[in-house]
Amino acid sequence: MNRTRFAPSPTGPLHLGHAFAALTAAKLADPGEFLLRIEDIDQSRCRPEYEALIVEDLHWLGLDWPQPVMRQSERLSAYQAALDRLAALGLIYPCRCRRADIRAALSAPQEGAEPVIGPDGPVYPGTCRHRNMAEMGPDDAIRLNAARAFDYLDLEEIAFLDENIAPGLPHRLAAQDFISGVGDVVLARRGMGTSYHLAVVVDDAAQGITLVTRGKDLLDSTWIHVLLQKLLELPTPRYHHHRLIRDEHGKRLAKRDDARALKLYRDDGVSAAEIRQLLGF
Ligand code: GLU
(Lines give C-alpha, C1' and ligand atoms only; values in the text may rest on other atoms or scores of the structure.)
Protein backbone atom coordinates (compact mmCIF):
# COMPACT_ATOMS: atom_id res chain seq x y z
CA MET A 1 0.00 0.00 0.00
CA ASN A 2 1.46 3.32 -1.03
CA ARG A 3 0.44 6.83 -0.28
CA THR A 4 1.53 9.22 -3.04
CA ARG A 5 0.84 12.83 -3.86
CA PHE A 6 0.75 15.22 -6.79
CA ALA A 7 1.98 18.60 -5.59
CA PRO A 8 1.59 21.32 -8.23
CA SER A 9 2.17 25.03 -7.74
CA PRO A 10 -0.79 27.06 -9.03
CA THR A 11 1.37 29.44 -11.05
CA GLY A 12 0.01 28.50 -14.47
CA PRO A 13 -2.15 25.98 -16.30
CA LEU A 14 -1.30 22.28 -16.09
CA HIS A 15 0.32 20.88 -19.22
CA LEU A 16 1.07 17.38 -20.50
CA GLY A 17 4.07 17.06 -18.18
CA HIS A 18 1.86 17.67 -15.15
CA ALA A 19 -0.70 15.18 -16.45
CA PHE A 20 2.07 12.58 -16.70
CA ALA A 21 3.23 13.35 -13.13
CA ALA A 22 -0.31 13.20 -11.71
CA LEU A 23 -1.19 9.97 -13.55
CA THR A 24 2.08 8.39 -12.38
CA ALA A 25 1.38 9.30 -8.74
CA ALA A 26 -2.20 7.98 -8.96
CA LYS A 27 -1.15 4.75 -10.66
CA LEU A 28 1.58 4.01 -8.12
CA ALA A 29 -0.89 4.63 -5.28
CA ASP A 30 -3.10 1.83 -6.51
CA PRO A 31 -3.82 0.08 -4.18
CA GLY A 32 -3.41 2.86 -1.64
CA GLU A 33 -4.09 6.54 -1.50
CA PHE A 34 -3.38 9.38 -3.90
CA LEU A 35 -3.37 12.92 -2.49
CA LEU A 36 -3.37 16.38 -4.04
CA ARG A 37 -1.30 19.07 -2.32
CA ILE A 38 -1.21 22.68 -3.43
CA GLU A 39 2.31 24.14 -3.21
CA ASP A 40 1.49 27.82 -2.99
CA ILE A 41 4.24 29.25 -0.80
CA ASP A 42 5.22 31.79 -3.42
CA GLN A 43 2.16 33.98 -3.05
CA SER A 44 3.47 36.51 -5.55
CA ARG A 45 3.17 33.92 -8.35
CA CYS A 46 0.24 31.74 -7.27
CA ARG A 47 -3.33 32.49 -8.43
CA PRO A 48 -6.64 31.02 -7.16
CA GLU A 49 -7.89 30.68 -10.74
CA TYR A 50 -4.99 28.35 -11.54
CA GLU A 51 -5.81 26.26 -8.49
CA ALA A 52 -9.41 25.94 -9.70
CA LEU A 53 -8.15 24.95 -13.14
CA ILE A 54 -5.84 22.29 -11.62
CA VAL A 55 -8.81 20.68 -9.86
CA GLU A 56 -10.89 20.84 -13.04
CA ASP A 57 -8.13 19.34 -15.21
CA LEU A 58 -7.37 16.52 -12.77
CA HIS A 59 -11.03 15.57 -12.43
CA TRP A 60 -11.31 15.62 -16.21
CA LEU A 61 -8.36 13.18 -16.36
CA GLY A 62 -10.37 10.89 -14.08
CA LEU A 63 -8.42 11.50 -10.86
CA ASP A 64 -9.87 12.00 -7.40
CA TRP A 65 -8.41 12.46 -3.92
CA PRO A 66 -9.51 12.86 -0.30
CA GLN A 67 -10.54 16.22 1.16
CA PRO A 68 -9.44 18.55 2.61
CA VAL A 69 -6.55 19.32 0.29
CA MET A 70 -3.38 20.49 2.02
CA ARG A 71 -2.36 23.99 1.01
CA GLN A 72 1.18 25.07 1.89
CA SER A 73 0.17 28.69 2.45
CA GLU A 74 -1.74 27.43 5.53
CA ARG A 75 1.23 25.52 6.93
CA LEU A 76 3.63 28.30 7.87
CA SER A 77 3.56 27.44 11.59
CA ALA A 78 4.70 23.87 10.82
CA TYR A 79 7.61 25.21 8.76
CA GLN A 80 8.47 27.66 11.54
CA ALA A 81 8.51 24.82 14.08
CA ALA A 82 11.00 22.94 11.90
CA LEU A 83 13.18 26.05 11.59
CA ASP A 84 13.03 26.58 15.37
CA ARG A 85 14.26 23.08 15.88
CA LEU A 86 17.16 23.52 13.47
CA ALA A 87 17.96 26.89 15.07
CA ALA A 88 18.06 25.29 18.53
CA LEU A 89 20.63 22.84 17.13
CA GLY A 90 22.68 25.76 15.77
CA LEU A 91 22.41 24.45 12.20
CA ILE A 92 20.92 27.44 10.38
CA TYR A 93 21.96 31.04 9.86
CA PRO A 94 20.50 34.22 8.36
CA CYS A 95 21.82 35.23 4.95
CA ARG A 96 21.59 38.70 3.47
CA CYS A 97 23.30 37.91 0.16
CA ARG A 98 21.43 38.66 -3.04
CA ARG A 99 22.04 36.71 -6.23
CA ALA A 100 24.44 39.39 -7.46
CA ASP A 101 26.46 39.26 -4.19
CA ILE A 102 26.85 35.51 -4.58
CA ARG A 103 27.91 35.86 -8.21
CA ALA A 104 30.44 38.53 -7.24
CA ALA A 105 31.84 36.45 -4.36
CA LEU A 106 32.20 33.44 -6.64
CA SER A 107 33.96 35.35 -9.38
CA ALA A 108 36.44 37.03 -7.00
CA PRO A 109 39.97 36.21 -8.21
CA GLN A 110 41.00 34.49 -4.96
CA GLU A 111 38.21 31.95 -5.41
CA GLY A 112 39.98 30.67 -8.50
CA ALA A 113 38.05 27.70 -9.91
CA GLU A 114 34.72 27.73 -11.77
CA PRO A 115 31.71 27.87 -9.43
CA VAL A 116 30.13 24.48 -8.72
CA ILE A 117 26.46 24.34 -9.73
CA GLY A 118 24.17 22.55 -7.26
CA PRO A 119 20.44 21.79 -7.42
CA ASP A 120 19.56 25.42 -6.64
CA GLY A 121 22.27 27.07 -8.72
CA PRO A 122 25.85 28.05 -7.79
CA VAL A 123 26.95 26.54 -4.46
CA TYR A 124 26.82 29.26 -1.81
CA PRO A 125 30.30 30.59 -0.98
CA GLY A 126 29.51 30.93 2.74
CA THR A 127 29.70 34.71 3.08
CA CYS A 128 27.10 34.85 5.90
CA ARG A 129 27.99 31.53 7.54
CA HIS A 130 29.51 33.24 10.59
CA ARG A 131 26.20 34.96 11.43
CA ASN A 132 23.74 33.56 13.96
CA MET A 133 19.96 33.58 14.15
CA ALA A 134 19.89 36.36 16.76
CA GLU A 135 21.17 38.68 14.01
CA MET A 136 18.33 37.79 11.62
CA GLY A 137 17.09 40.82 9.70
CA PRO A 138 13.61 41.20 8.13
CA ASP A 139 15.00 40.80 4.61
CA ASP A 140 17.26 37.85 5.32
CA ALA A 141 16.92 34.34 3.97
CA ILE A 142 17.81 31.34 6.17
CA ARG A 143 20.44 28.80 5.13
CA LEU A 144 21.43 25.39 6.42
CA ASN A 145 25.03 25.00 7.55
CA ALA A 146 25.64 21.77 5.66
CA ALA A 147 29.01 20.89 7.19
CA ARG A 148 27.68 21.39 10.68
CA ALA A 149 24.56 19.35 9.86
CA PHE A 150 26.68 16.34 8.87
CA ASP A 151 28.85 16.80 11.98
CA TYR A 152 25.77 16.89 14.16
CA LEU A 153 24.39 13.72 12.56
CA ASP A 154 27.81 12.11 12.59
CA LEU A 155 27.12 10.73 9.13
CA GLU A 156 29.59 10.07 6.38
CA GLU A 157 26.97 9.64 3.68
CA ILE A 158 23.25 9.77 3.04
CA ALA A 159 21.19 7.43 0.87
CA PHE A 160 17.74 6.89 -0.59
CA LEU A 161 15.97 4.30 -2.72
CA ASP A 162 14.45 5.08 -6.10
CA GLU A 163 12.09 2.52 -7.55
CA ASN A 164 12.45 3.79 -11.08
CA ILE A 165 16.16 4.54 -11.38
CA ALA A 166 18.31 1.53 -10.45
CA PRO A 167 15.65 -0.11 -8.23
CA GLY A 168 17.07 -1.97 -5.25
CA LEU A 169 20.36 -0.09 -5.45
CA PRO A 170 20.57 2.75 -2.93
CA HIS A 171 21.60 6.15 -4.28
CA ARG A 172 24.41 7.38 -2.02
CA LEU A 173 26.13 10.69 -1.54
CA ALA A 174 29.19 11.27 0.67
CA ALA A 175 28.96 14.10 3.21
CA GLN A 176 31.92 15.79 1.58
CA ASP A 177 30.21 15.72 -1.82
CA PHE A 178 27.07 17.24 -0.37
CA ILE A 179 29.08 20.02 1.27
CA SER A 180 31.01 20.86 -1.90
CA GLY A 181 28.34 20.08 -4.51
CA VAL A 182 25.06 21.11 -2.85
CA GLY A 183 26.22 23.33 0.00
CA ASP A 184 24.35 25.64 2.36
CA VAL A 185 20.91 25.57 0.77
CA VAL A 186 18.17 28.10 1.48
CA LEU A 187 15.52 26.78 3.90
CA ALA A 188 13.51 29.99 4.12
CA ARG A 189 13.37 32.49 1.31
CA ARG A 190 13.28 36.18 1.94
CA GLY A 191 9.84 37.14 3.30
CA MET A 192 8.43 33.67 2.60
CA GLY A 193 8.98 31.78 5.89
CA THR A 194 10.03 28.60 4.09
CA SER A 195 11.44 27.21 0.85
CA TYR A 196 10.37 24.39 -1.44
CA HIS A 197 12.87 22.02 0.23
CA LEU A 198 11.74 22.58 3.80
CA ALA A 199 8.02 22.64 2.97
CA VAL A 200 8.11 19.46 0.89
CA VAL A 201 9.93 17.53 3.64
CA VAL A 202 7.66 18.73 6.45
CA ASP A 203 4.49 18.12 4.42
CA ASP A 204 5.40 14.72 2.97
CA ALA A 205 6.00 13.55 6.54
CA ALA A 206 2.83 15.20 7.89
CA GLN A 207 0.78 13.50 5.18
CA GLY A 208 2.44 10.12 5.67
CA ILE A 209 3.62 9.93 2.06
CA THR A 210 5.37 6.58 1.57
CA LEU A 211 6.36 6.98 -2.09
CA VAL A 212 7.35 10.38 -3.48
CA THR A 213 6.83 10.49 -7.24
CA ARG A 214 8.14 13.43 -9.28
CA GLY A 215 10.24 14.30 -12.31
CA LYS A 216 13.90 13.40 -12.72
CA ASP A 217 14.72 17.09 -12.75
CA LEU A 218 14.33 16.97 -8.95
CA LEU A 219 16.62 13.99 -8.40
CA ASP A 220 19.47 16.13 -7.05
CA SER A 221 17.14 18.01 -4.71
CA THR A 222 16.36 14.71 -3.02
CA TRP A 223 19.74 14.83 -1.25
CA ILE A 224 18.61 18.00 0.49
CA HIS A 225 15.33 16.37 1.47
CA VAL A 226 16.99 13.25 2.87
CA LEU A 227 19.38 15.37 4.95
CA LEU A 228 16.48 17.43 6.30
CA GLN A 229 14.52 14.27 7.14
CA LYS A 230 17.46 13.06 9.22
CA LEU A 231 17.85 16.40 11.00
CA LEU A 232 14.14 16.65 11.77
CA GLU A 233 13.89 12.95 12.66
CA LEU A 234 11.31 12.28 9.95
CA PRO A 235 11.10 9.04 7.95
CA THR A 236 12.69 8.95 4.49
CA PRO A 237 10.04 7.79 2.00
CA ARG A 238 10.85 5.76 -1.11
CA TYR A 239 11.20 7.73 -4.34
CA HIS A 240 10.18 7.30 -7.94
CA HIS A 241 11.73 9.96 -10.17
CA HIS A 242 10.01 9.64 -13.51
CA ARG A 243 10.92 10.70 -17.03
CA LEU A 244 10.11 14.19 -18.24
CA ILE A 245 7.72 14.93 -21.06
CA ARG A 246 9.52 16.84 -23.79
CA ASP A 247 8.44 18.86 -26.78
CA GLU A 248 9.33 17.96 -30.36
CA HIS A 249 12.71 19.68 -29.94
CA GLY A 250 13.53 17.55 -26.91
CA LYS A 251 13.04 20.45 -24.51
CA ARG A 252 11.30 19.77 -21.20
CA LEU A 253 7.82 21.29 -21.03
CA ALA A 254 7.68 24.28 -18.70
CA LYS A 255 4.93 26.50 -17.35
CA ARG A 256 5.34 28.84 -20.27
CA ASP A 257 4.49 26.03 -22.69
CA ASP A 258 0.86 26.99 -22.48
CA ALA A 259 0.41 25.67 -26.01
CA ARG A 260 0.25 22.25 -24.40
CA ALA A 261 -2.05 23.24 -21.56
CA LEU A 262 -4.57 20.50 -20.83
CA LYS A 263 -7.33 23.09 -21.01
CA LEU A 264 -6.52 23.75 -24.67
CA TYR A 265 -6.69 20.06 -25.52
CA ARG A 266 -9.99 19.85 -23.65
CA ASP A 267 -11.39 22.84 -25.50
CA ASP A 268 -10.24 21.30 -28.79
CA GLY A 269 -12.38 18.24 -28.07
CA VAL A 270 -9.52 15.86 -27.24
CA SER A 271 -10.76 13.24 -24.76
CA ALA A 272 -9.14 12.34 -21.44
CA ALA A 273 -8.75 8.79 -22.76
CA GLU A 274 -6.71 10.13 -25.69
CA ILE A 275 -4.45 12.12 -23.36
CA ARG A 276 -3.95 9.06 -21.15
CA GLN A 277 -3.09 6.98 -24.19
CA LEU A 278 -0.70 9.61 -25.52
CA LEU A 279 1.13 9.54 -22.18
CA GLY A 280 1.17 5.75 -21.95
CA PHE A 281 -1.54 5.19 -19.31
N1 GLU B 1 5.62 21.89 -6.41
C2 GLU B 1 6.70 21.12 -6.93
C3 GLU B 1 6.69 21.23 -8.45
O4 GLU B 1 5.67 21.56 -9.01
C5 GLU B 1 6.54 19.68 -6.50
C6 GLU B 1 7.77 18.90 -6.60
C7 GLU B 1 7.67 17.61 -5.80
O8 GLU B 1 6.80 16.79 -6.14
O9 GLU B 1 8.41 17.45 -4.84
O10 GLU B 1 7.72 21.02 -9.08
Next item on the list: Within the stretch 8-21, identify whether any single residue is outside any loop (DSSP other than H, G, I, E, B), open to solvent by 30 Å² or more (accessible area, probe 1.4 Å), more than 23 Å from V201 (Cα to Cα) and within 13 Å of the ligand (Cβ to nearest atom), and answer yes or no.
Entry: no
Checklist line | Segments classed as helices (runs of 4 or more DSSP H), wholly inside the stretch 196-269, with at least 2 members that are away from the ligand (no atom under 13 Å from the Cβ), in contact (Cβ under 8 Å) with a residue 12 or more places away in the chain and in contact with a Leu (Cβ under 7 Å, 6 or more places away or on another chain) | finding: 221-231, 262-267
Next item on the list: Determine if the stretch 172-179 includes at least one residue that is within 18 Å of L232 (Cα to Cα), in contact (Cβ under 8 Å) with a residue 12 or more places away in the chain and not aromatic (F, W, Y).
Entry: yes
Next item on the list: Scan the stretch 89-121 for residues that are out of contact with any Ser or Thr (no Cβ under 6 Å at 6 or more places or on another chain), surrounded by 18 or more Cβ atoms within 10 Å (Cβ to Cβ) and at pLDDT 95 or above and jot them down.
Entry: L91, I92, Y93, P94, C95, G118
Check: R71 fails exactly one of the following numbered conditions: (1) open to solvent by 40 Å² or more (accessible area, probe 1.4 Å); (2) over 30 Å from P31 (Cβ atoms); (3) of a type outside the set (S, T, N, Q). What is the number of that condition?
Finding: (2)
Notebook entry, point to check: Looking at the stretch 22-31, which of the residues that are away from the ligand (no atom under 13 Å from the Cβ) and open to solvent by less than 10 Å² (accessible area, probe 1.4 Å) is farthest from L244 (Cα to Cα)?
Noted result: A29
Item checked: Conditions (1) away from the ligand (no atom under 16 Å from the Cβ); (2) part of a loop (DSSP other than H, G, I, E, B); (3) surrounded by 15 or more Cβ atoms within 10 Å (Cβ to Cβ); (4) not charged (D, E, K, R); number of the one not met by I158 -> (2)
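The values are calculated or read from the model by the stated rules, or taken from the named source; none is laboratory data. All values derive from a computational prediction rather than experimental measurement. Cβ: placed from backbone, ideal geometry, glycine included. Neighbour counts: every protein chain shown. What goes into the accessible areas is simple: the full protein's heavy atoms, side chains included, and nothing from ligands, DNA or RNA. Shrake-Rupley method; radii C 1.70, N 1.55, O 1.52, S 1.80 Å.
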